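J.: This is the structure, below, for whatever I ask next.
Just so it is clear, none of the values below were taken in a lab; they were calculated from the coordinates. Keep in mind it's a predicted model, so treat the numbers as computed, not measured. Positions of Cβ are generated from backbone atoms using ideal geometry, with glycine treated the same way; all protein chains shown enter the neighbour counts.
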Amino acid sequence: MDHRWYAIQTTAGHENKVRSLIQRKIEQDPQPAEARLIRQALVPTQEVVEIKNGKKVTVERKIYPGYVLAEMMMTQETLHVINGIQGVIKFVGHDRLPQPLRPDEVNRLLGVSDEAEQEEPEEEIPFLVGQAVAITEGPFTDFNGTVEEVMADKGKVRVSVSLFGRPTSVELDYLQLKGY
């Protein structure tokens, strides 16, 4: 048998607590690191930019809320150890048998957690095409318009406003808008 990754369902909001309790169990194991049945546990996260009080703030968001991933060898002992941890609901699988994650899923998840440290955090623009918005800053303050295009890579939104009775496209930073 070899070490595989398993998803563990936890009580919502207790992912980091469960991860730290699993890490504590790993550290308490007297065996050498390569011989341990449970190797590591992690909560997959990614950095995103949110707007709080009109300012861009980078926050770390869980990719899968309510789940912790553990790299381990599946035995009755490890199953019992993990299920005995406070906050653990169950392993993800069917018919009471934990289902290991596929290697491509694991690589994608581990790649996401590595990329989040290297890349710029991805900005989340809270507007949809066709949504009515009010412009709060800039030369078009107090104008109302409709979102035509969302350019997430630039952090901009193209809005159609009525100038002198004719629709005009204006490109604005998404911080200058308020949605309805």
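J.: By DSSP, what percent of the beta bridges with both residues in the chain are antiparallel, rounded to the nearest 5?
T.: The answer is about 95 percent antiparallel.
J.: In debye to the nearest 20, how big a dipole does the stretch 4-123 give about its Cα centre with +1 on each Lys and Arg Cβ and -1 on each Asp and Glu Cβ?
T.: Its charge dipole is roughly 600 debye.
J.: If you don't mind, another one. Mind checking the full-extension length gain between K55 and Q31? Use 0.36 nm per residue of separation minus the Cα-Cα distance, one decimal, nm.
T.: Length gained between K55 and Q31: 3.8 nm.
J.: I would also like to ask the following. What lysines does K56 reach when the alpha-carbon gap must be under 22 Å and sequence neighbours fewer than 8 apart in one chain are set aside?
T.: K154, K156, K178
J.: While we're here: Here are some values of P(r) over Cα pairs in 10 Å bins from 0, in percent: (i) 9, 36, 34, 18, 3; (ii) 9, 28, 22, 16, 14, 9, 3, 0; (iii) 9, 37, 40, 13, 0. Which one was computed from this structure?
T.: Recomputing P(r) over Cα pairs in 10 Å bins from 0, in percent here gives the entry labelled (ii).
J.: So between R39 and S20, what do we pick up on full extension, going 0.36 nm a residue minus the alpha carbon distance?
T.: Net length gain for the segment: 5.6 nm.
J.: When the helix-only estimate is applied to the chain (DSSP H runs of n ≥ 4, each -39,500 (n - 2.57), divided by the residue count), what is the mean residue ellipticity at 222 nm, nearest 500 deg cm²/dmol?
T.: Rounded to the nearest 500, the figure is -6500 deg cm²/dmol.
J.: Sticking with this one: Got the relative contact order for the chain handy, in percent, Cα pairs under 8 Å and 6 or more residues apart?
T.: It comes to 21 percent, rounded to a whole number.
J.: Roughly how many whole Å is it from the C-alpha centroid of the stretch 129-180 to that of the stretch 72-90?
T.: 52 Å
J.: Still on this structure: Output the peptides 169-178, 124-133, 28-37 sorted from most to least packed, where packing is the average of other Cβ atoms within 10 Å over each peptide's residues.
T.: Per-residue mean Cβ counts within 10 Å order the peptides as 169-178, 124-133, 28-37.
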